[in-house]
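Q: Pasting in a structure now, in structure tokens, and then I'll have a few things to ask.
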Amino acid sequence: MGTIVLDAVTKVYPTAESGAAGIVAVDHVAMTIRDHEIVCLVGPSGCGKSTVLNMIAGFESPTEGRITVSDKEIRGAGPDRMVVFQSPALFGWMTVRQNITFGPRKRGVPKSQYENDATRFINAVGLDDFASHYPYQLSGGMRQRVQIARALMNRPEILLMDEPFGALDFQTRLLMQELLLKVWSEFKPTILFITHDVDEAIFLGDRVYVMSRRPGRLKEQFDVPFAKPRNMEILTDPQFVTLKDRILHSIREELAG
Amino acid sequence: MIDKPQTPRRRQRFAADRWRYPLISFASVVGMICLWALVTGLGLVSSRVLPSPGEVLVQAGYLIRNGYADNPLIVHIGWSLFRATSGFLLGVALAIPVGLLMSYNRTIGAIVQPIFGFFRPIPPIAFIPLMIVWFGIGETSKILLIFAASFNYTVLNSAAGMRSVPEQLIRAGTNLGLTRWQLFTSVMFPAALPAILTGVKMSAAVSWAVLVAAELIAAQAGLGFIITDAGTFFRIPDVFIGILIIGVIGLGIEFLISAFERRLLHWQGKV
């Protein structure tokens, strides 16, 4: 269903000078994200994490290699792969409810169908009292919850999350991580989650990939040894700390090298 | 809980604070009139050059009762409003689609951008002789002059507004499966609306300002006509009254559009 396969995917951005080879942002990345899995991608900034995500989303296309979702090569963006952006890309002139129902409304889904879904997903992200508020009346964490609900409304098999909690304060981020796990256990989407917070990556992910500095390659892969459902207590578990240490070590090599 | 929704700040202010700045503004207007009365009352300036507030008021009463040049004041105001609004509305109605098209299709943009860019800094008054030669001295040339001024401001703001729609918002739209047309009408246009309305506001102000110039073209009625006609015959109080009416109506228009803008774009600049 929601299996993502990247096969030797390379992305080269042309440079301004003619004749130059261009900047290699992503270099022969091969990975498989299995159905219902949460995979986190960490790495130094500018390493091409977001480029990988944007190519899976269909916003950009690979220069070489191919990306398949459920064995089909992707062609452009679509609601089967919903993106949750770092800065909440909400429609400021719409209420929370209008934002959430926007996709189905525009695709001609009958009102009777999406209205129930809307109520359900607004409830799932805990925004019942704010359905008729506008985005500017919400806090940063609430805006991200609207984005998550808006994505879920389209019943995506895949959620692509590009540092969605990066701009939030520490406590809100913890709440959002727990919320995401709760949402995941209910709807089981396949999730690619980009972050530079190693704690977050381990807490959420079934696997964590570390990317190298530019040109971005997959450097190392770590399995997270905790079953779901998880709670905050694992953050201080010795296994967690050991894994964190290994991942940090892997990233630090990139920063030093 | 740290992650609280945002309370509108304006509501938190005390009532006394709300009236503070409007009161200062009101005092400023009263002060200006007092200064005017003082300068004329002390005879510092000849009343032939600068009539006193009292004189202007008396003359205003006369004009309200008897009209100006065989027409009641309301007819002059009506003509001016008719010319300004029709020129303004025509200009805006054409400028918004053209501006949107300019940014949507870069070739079209490249074709028209230099033309509009060239005309914009030229004061509309410079076109009066040509307007008369091409379109005569009837209403057409007057309205066209206002139309051109109005068009120029909204067209550039609409194009710029479309271009400044955040890439992320467009991506969010495509991600939701919108067609190109839906993306244009339901995401890009509303997102560009604040910039478009800024252009519309400038167009309204310019339309009203160009009015006096337009009514230089052989008008028999209108506020611009009153000013030029009274000036020719050195009836300075009448000139003042013409200016005052134009100013007050201009403020009214600005106020109306701003109120409309606040209602429509209450969300703007806050996300």
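Q: Of the residues B:SER164, B:SER158, only one is of a type in the set (S, T, N, Q) and open to solvent by less than 30 Å² (accessible area, probe 1.4 Å); which?
A: Unique residue meeting the criteria: B:SER158.
Q: So, one more: If you check B:PHE127, B:PHE147, B:PHE151, which single one turns out to be open to solvent by less than 30 Å² (accessible area, probe 1.4 Å), assigned to a helix (DSSP H, G or I) and among the aromatic types (Phe, Trp, Tyr)?
A: Exactly one of B:PHE127, B:PHE147, B:PHE151 is open to solvent by less than 30 Å² (accessible area, probe 1.4 Å), assigned to a helix (DSSP H, G or I) and among the aromatic types (Phe, Trp, Tyr), namely B:PHE151.
Q: Out of all the residues in the stretch A:76-96, is one or more more than 11 Å from every other protein chain (Cβ to nearest Cβ), buried (at least 19 other Cβ atoms within 10 Å of the Cβ) and modelled with pLDDT under 95?
A: No, the conditions are met nowhere in the stretch A:76-96.
Q: Please verify whether the stretch B:101-117 includes one or more residues that are open to solvent by 30 Å² or more (accessible area, probe 1.4 Å), under 15 Å from B:LEU211 (Cβ atoms) and in a helix (DSSP H, G or I).
A: no
Q: For the stretch A:144-160, enumerate the residues that are crowded, with 22+ Cβ neighbours inside 10 Å and of a type in the set (Lys, Arg).
A: The answer is A:ARG145, A:ARG150.
Q: Okay, moving on. Evaluate the stretch B:249-271: report whether one residue or more is farther than 21 Å from B:LEU197 by Cβ and away from every other protein chain (no Cβ under 14 Å).
A: Scanning the stretch B:249-271, I find no residue that is farther than 21 Å from B:LEU197 by Cβ and away from every other protein chain (no Cβ under 14 Å), so the answer is no.
Q: Starting from the stretch B:164-187, take each residue that is in a helix (DSSP H, G or I) and list its partners that are charged (D, E, K, R), counting only C-beta distances under 6 angstrom and pairs at least six apart or across chains.
A: The qualifying pairs are B:GLN182/A:LYS106.
Q: Also: For the stretch A:68-95, give me each residue that is touching a Ser or Thr at 6+ places or on another chain (Cβ under 7 Å) and within 30 Å of A:LEU168 (Cα to Cα).
A: A:ALA77, A:THR95
Q: I would also like to ask the following. Give me the residue from the stretch A:123-138 that is in a helix (DSSP H, G or I) and either closer than 28 Å to B:LEU265 by Cβ or open to solvent by less than 40 Å² (accessible area, probe 1.4 Å) (or both) and, out of that set, nearest to the other protein chains (Cβ to nearest Cβ).
A: Applying the filter and picking the extreme gives A:TYR136.
Q: If you scan the stretch A:145-175, which residues turn out to be more than 10 Å from chain B (Cβ to nearest Cβ), in contact (Cβ under 8 Å) with a residue 60 or more places away in the chain and not charged (D, E, K, R)?
A: Correct list: A:ILE148, A:LEU152, A:ILE158, A:LEU159, A:MET161, A:PRO164, A:GLY166, A:ALA167.
Q: Something else: Here are some residues: B:ALA192, B:ALA209, B:ALA213. Which one is away from chain A (no Cβ under 14 Å), among the small types (Gly, Ala, Ser), part of a helix (DSSP H, G or I) and open to solvent by less than 20 Å² (accessible area, probe 1.4 Å)?
A: Selected residue: B:ALA213, the only one of B:ALA192, B:ALA209, B:ALA213 that is away from chain A (no Cβ under 14 Å), among the small types (Gly, Ala, Ser), part of a helix (DSSP H, G or I) and open to solvent by less than 20 Å² (accessible area, probe 1.4 Å).
Q: I'd like to know if the stretch B:241-254 contains one or more residues that are surrounded by 14 or more Cβ atoms within 10 Å (Cβ to Cβ) and more than 17 Å from the chain's Cα centre (by Cα).
A: Yes; the residues of the stretch B:241-254 include at least one that is surrounded by 14 or more Cβ atoms within 10 Å (Cβ to Cβ) and more than 17 Å from the chain's Cα centre (by Cα).
Q: Here is a further query. Do we have any residue at all in the stretch A:198-218 that's within 26 Å of A:MET153 (Cα to Cα) and open to solvent by 20 Å² or more (accessible area, probe 1.4 Å)?
A: Within the stretch A:198-218, one or more residues are within 26 Å of A:MET153 (Cα to Cα) and open to solvent by 20 Å² or more (accessible area, probe 1.4 Å).
Q: Counting only residues that are under 22 Å from B:LEU169 (Cβ atoms) and either in contact with a Leu (Cβ under 9 Å, 6 or more places away or on another chain) or surrounded by fewer than 18 Cβ atoms within 10 Å (Cβ to Cβ) (or both), which one in the stretch A:59-74 is nearest to the other protein chains (Cβ to nearest Cβ)?
A: A:PHE59
Q: Right, something else. Here is a check on your reading of the model: is A:ILE100 closer than 25 Å to B:THR185 by Cβ, within 21 Å of the chain's Cα centre (by Cα) and either open to solvent by less than 50 Å² (accessible area, probe 1.4 Å) or within 14 Å of chain B (Cβ to nearest Cβ) (or both)?
A: Answer is yes for this residue.
Q: Also, I was wondering about something else. Would you mind stating whether A:GLN171 is in a helix (DSSP H, G or I), crowded, with 23+ Cβ neighbours inside 10 Å and polar (S, T, N, Q)?
A: Considered against the rule, which asks whether it is in a helix (DSSP H, G or I), crowded, with 23+ Cβ neighbours inside 10 Å and polar (S, T, N, Q), A:GLN171 comes out as no.
Q: Also: With the condition kept exactly as written, say whether any residue in the stretch B:181-189 is within 11 Å of chain A (Cβ to nearest Cβ), farther than 30 Å from A:GLU157 by Cβ and either surrounded by fewer than 21 Cβ atoms within 10 Å (Cβ to Cβ) or out of contact with any Pro (no Cβ under 9 Å at 6 or more places or on another chain) (or both).
A: yes
Q: If you don't mind, there's one more thing I want to ask. From the list A:THR236, A:THR242, A:THR190, which one is polar (S, T, N, Q) and within 23 Å of A:LYS49 (Cβ to Cβ)?
A: Matching residue, one of A:THR236, A:THR242, A:THR190: A:THR190.
Q: Now, a different point. Are there any pairs, at least 6 apart or on different chains, whose C-beta atoms fall under 8 Å, with the first in the stretch A:239-257 and in contact (Cβ under 8 Å) with a residue 40 or more places away in the chain and the second open to solvent by 30 Å² or more (accessible area, probe 1.4 Å), and if so, which?
A: Qualifying pairs under 8 Å: A:LEU243/A:PRO225; A:LYS244/A:ASP199; A:SER250/A:LYS219; A:SER250/A:GLU220; A:GLU254/A:ARG213; A:GLU254/A:LYS219; A:LEU255/A:ARG213; A:GLY257/A:ARG213.
Q: Could you check how many residues of the stretch B:132-144 are assigned to a helix (DSSP H, G or I), open to solvent by 30 Å² or more (accessible area, probe 1.4 Å) and either free of Cβ contacts under 8 Å to residues at least 12 places away in the same chain or over 18 Å from B:VAL98 (Cα atoms) (or both)?
A: Residues flagged as assigned to a helix (DSSP H, G or I), open to solvent by 30 Å² or more (accessible area, probe 1.4 Å) and either free of Cβ contacts under 8 Å to residues at least 12 places away in the same chain or over 18 Å from B:VAL98 (Cα atoms) (or both) within the stretch B:132-144 amount to 6.
The values are calculated or read from the model by the stated rules, or taken from the named source; none is laboratory data. Everything quoted here is computed from the prediction, not taken from an experiment. Counting neighbours? That spans all protein chains shown, and the Cβs are built from the backbone with ideal geometry, glycine included. Ligands, DNA and RNA are excluded from the accessible area calculation, which covers all protein heavy atoms including side chains. Shrake-Rupley method; radii C 1.70, N 1.55, O 1.52, S 1.80 Å.
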